[in-house]
Amino acid sequence: MNQPPPLLKVSGLTKSFGGVMAVSNVSFELKEGELLGIIGPNGSGKTTLVNLVTGFVKPNSGRIEFKGKKITGLAPYKIVSLGIARTFQMVRPFYQLPAFKNMIIPLYSPRVKKLAGGKYGDRDAVALDLLEEVGFERDAHVAYKVAGSLPQGYLKRLELAKAMALRPDLIIFDELFSGLSLAEVASIVPIIEKLRFQEITIIMIEHRLKELFRIADRVLVLNYGEKIADGPGKEVMESESVKKAYLGSETD
Amino acid sequence: MKKRKERIDRGIKARSEDIFALSSYREMLYLLVPRAIPVVGLLGVAPFLSPYWQEVFISTSIYALLAISWDLLISAGLVSLGQSLFYGIGSYIAGALNHYCGWSPLFTIPVAALGGGLLCTVLLLPVLRLRGIYFAMVMLVLPLMLSRLVEATRILGGTEGLPGLTPFPNQLIALYVVQLAVLAALFGFRRIMASDYGLVVKGINDNDRSVMSAGINIYLYKTQILFIGASVGSFAGALGTHIDMFAGMPGFALDYAIMPIAAAVVGGMRTFVGPMLGAFLLVPLSEILRALGALRIVFYGLFLVVFIVALPEGIFPYVQRKYHQLERWVELE
């Protein structure tokens, strides 16, 4: 019984929009360094759950703790400054600006300044380094191209780099793989594995189950806002309730 | 035979977003001349104007200040339908300090600029969370409310206003002060928006959720921008009130709310130069059209419509493109 305390602890989280229960009494814990996948059919409340944890939406009831500290109801920028970063399902960069200039906004945040000891340093140089890490080839000068001219795969990686720029302890990816080709997904997976190597805790909302199961330690399944399963990927998919949620119940 | 327009960057050899490599006088002039035009055009021409046109250009420059302030607010996604709020509050603060306390304009104007900026920011703080049209509605209503408040409670001279304020020593000095303020706001704001700070501000307008998720308190930034914009607007009001030697309810007039927007649209939004150009086109034009009597507004309106249809991007972005790029027709196969 000498377990370290969980990094993230969500208990009894509930949110309804009007009469619709988007998230209903969801509880889970996340250990440091773990990679948790969250899956579920469309409209099952996955993105709402992310919005709740990151402070974009206030819950009706329930409690969220991060590093043992209650973060329920805090403003998004405060939650980020504690160490939770996120990406958005819809990427919306500054299309007219070069890719590396898109990195300036997260690099301008108070958290980055604090971590760097009160100084920002050369933001452009840091931006270029980070982009190289996520696969913007420096020799090909991709980072200098305007974001509007880049293919979807690069835009998603730019989104990833923006989250990494905040040097978070927990990153939440909201459908990072959606809209990407198999090759593009294959090129992002090593970046995620590298993040894990740096002991960054990750939550991934995904529809691409095959790719997710390959890297996730644990998978949580939502349906109609309720948690219906939580465990290793293979086990979860075997469970009756999950099959029912994904394939519908048998009629006879 | 089909043709299409090809655009080629002109001028200096190495150019990126904000780094220029200069290697000859020609290239230096290429960059210097456009920046010198507003400085020389404003300060150099002023002494040669007739007193009547000096007066016109004073009021033009005051509108230009309001338009530049409007443009700063729109960069952060704050749609201001009430530049008259800033103008009116600035004019009343300067007027009251001069009228009741006998302060010289040397003190009333800076105090009115900062105090007005602060007061307007505090007034608007509760609605800063509102976006777009909602914020605009509140800004439209506030100056109307305040002017009725002055009328009903008869504070600050009521409908009579505060007359007999200290004027500027002479008209040319007044003109120079306003024009220097316009130039300072123009170059200052362009500098701010080209910096990384400006990038964050533009980001708030473009995609505020993405800026929030970067750990940045967007309301802090909006408050700062609002304060700067409101200060410049109040400064314009304080100058105007000493030039008119009168502070009163006309300070909250709708003119001060509408003209800056028209100027920004005609000149090209989010460029600061555009709104200034717009003011320098529209205000003198409305003076020239005075000769037409009652038909003035018709021609004025017609001009606005033609302009907006013909050049929807605004004058400045159009001129800027023509200056930086060569255009030629190339034939398609």
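Fully extending the segment from B:Phe107 to B:Ile288 would add 61.6 nm, taking 0.36 nm per residue of separation and subtracting the current Cα-Cα distance.
Calculated [222 nm] ellipticity per residue, helices only, for chain B: -22500 deg cm²/dmol; basis is -39500 (n - 2.57) per DSSP H run with n ≥ 4, divided by all residues, nearest 500. Charges were assigned to the Cβ only: +1 to each Lys and Arg, -1 to each Asp and Glu. The resulting dipole of region B:198-333 about its Cα centre is roughly 160 debye. Quick note on the protein assembly as shown: its Rg to Rh ratio, both from C-alpha atoms and Rh being the Kirkwood radius, is 1.06. Exposed loop sites were defined as GluC sites (Glu not before Pro) in DSSP loop states (anything but H, G, I, E or B) carrying at most 15 other C-beta atoms within 10 Å; in chain A the longest segment without such a site runs A:33-136.
Here the dipole of the protein assembly as shown is about 280 debye; that uses its Cα centre as origin and unit charges on the Cβ of Lys and Arg (positive) and Asp and Glu (negative). Computed over chain B, the P(r) curve from all C-alpha pair distances, binned at 10 Å from the origin, holds 6, 23, 32, 24, 11, 3, 1, 0 percent per bin. Give the distance, in whole Å, between the Cα centre of region B:207-281 and the Cα centre of region A:134-176. The two parts, judged by their Cα centres, are 35 Å apart.
Simple rule: put +1 on each Lys or Arg Cβ and -1 on each Asp or Glu Cβ in region A:135-208, find the dipole, and look at A:Val142, A:Leu155, A:Pro190; the Cα lying farthest toward the positive end is A:Val142.
In a Gaussian network model over chain B where Cα atoms closer than 10 Å are linked, find which of B:Glu55, B:Glu27, B:Glu160 has the largest mean-square fluctuation. The residue that fluctuates most here is B:Glu27.
The label point for A:Lys210 and the one for A:His141, both projected 7 Å from the Cα toward the Cβ, are 3.9 nm apart.
Could you tell me which of B:Tyr176, B:Ala64, B:Ala214 has its Cα farthest along the dipole of region B:3-331 towards the positive end, charges placed at Cβ (Lys, Arg +1; Asp, Glu -1), taken about the Cα centre? Checked the options; the winner is B:Ala214. Comparing B:Ala64, B:Ala236, B:Ala291 in a Gaussian network model of chain B where C-alpha atoms under 10 Å apart are linked, the largest mean-square fluctuation is found at B:Ala291.
With a 1.4 Å probe rolled over the protein heavy atoms of all chains, the accessible area of A:Asp217, A:Asp139 falls in the order A:Asp139, A:Asp217, largest first. For chain A, the relative contact order works out to 26 percent when only alpha carbon pairs closer than 8 Å and six or more residues apart are counted. Roughly speaking, what is the centre-to-centre gap between region A:1-63 and region A:94-121 when only Cα atoms are used, to the nearest Å? Between the Cα centres of region A:1-63 and region A:94-121 lies a distance of 28 Å. For chain B, the longest principal axis of the Cα atoms and the long axis of helix B:296-310 meet at an angle of about 30 degrees. Taking amide H as placed 1.01 Å from N in the peptide plane, the amide H of B:Ala247 sits under 5 Å from that of B:Leu162, each at least 5 places away or on another chain.
Surface listing: B:Asp71, A:Asp122, A:Asp230 arranged by accessible area from highest to lowest gives A:Asp122, A:Asp230, B:Asp71, probe 1.4 Å.
In vacuo Debye scattering of region B:177-333, one point per C-alpha: log10 I(q)/I(0) at q = 0.10, 0.11 Å⁻¹? Log10 I(q)/I(0), no solvent term: -0.51, -0.61. Derived scalar couplings between HN and Hα for region A:46-54 equal 5, 5, 4, 4, 4, 4, 5, 5, 8 Hz in order, rounded to whole Hz, by the Karplus curve 6.51 cos²θ - 1.76 cosθ + 1.60 (θ = phi - 60°), x for Gly and Pro. Remark: region B:3-331 carries a charge dipole of roughly 800 debye about the Cα centre, counting +1 on each Lys and Arg Cβ and -1 on each Asp and Glu Cβ.
Amide H contacts of A:Glu226 (H built 1.01 Å from N, in plane; Pro and chain starts excluded): A:Ser24 sit under 5 Å, all sequence-distant by 5 or more or on other chains. Once C-alpha pairs closer than 8 Å and six or more residues apart are averaged by separation and normalised to the residue number of chain B, the relative contact order reads 34 percent.
Relative contact order of region B:205-333, taken over Cα pairs closer than 8 Å and 6 or more residues apart, is 19 percent.
How far apart, in nm, are two points set 7 Å out from the Cα along the Cα-to-Cβ line at B:Met245 and at A:Gln89? Using points 7 Å along Cα→Cβ, the separation is 6.7 nm. The Cβ shell under 12 Å around B:Glu55 holds other residues with a net charge of -2, Lys and Arg each +1, Asp and Glu each -1. For the protein assembly as shown, with the dipole built from +1 on Lys and Arg beta-carbon atoms and -1 on Asp and Glu ones, taken about the Cα centre, which of B:Val309, A:Ser109, B:Ser195 lies farthest toward the positive end? Projecting each Cα onto the dipole axis, the largest value belongs to B:Ser195. Proximity of backbone amide H atoms, modeled 1.01 Å from N, is registered between A:Arg218 and A:Leu35, A:Gly37 at under 5 Å, excluding neighbours fewer than 5 places apart on the same chain. Sparse packing (at most 16 other Cβ atoms within 10 Å of the Cβ) combined with a DSSP loop state is found for the following chymotrypsin sites (Phe, Trp or Tyr not before Pro) in region A:207-252: A:Tyr224.
The values are calculated or read from the model by the stated rules, or taken from the named source; none is laboratory data. All values reported here derive from a predicted model rather than from experimental measurement. As a convention, Cβ positions derive from the backbone with ideal geometry for all residues, glycine included, and neighbour counts pool all protein chains shown. In case anyone asks, the SASA skips ligands and DNA or RNA and just uses the protein heavy atoms, side chains included. Shrake-Rupley method; radii C 1.70, N 1.55, O 1.52, S 1.80 Å.
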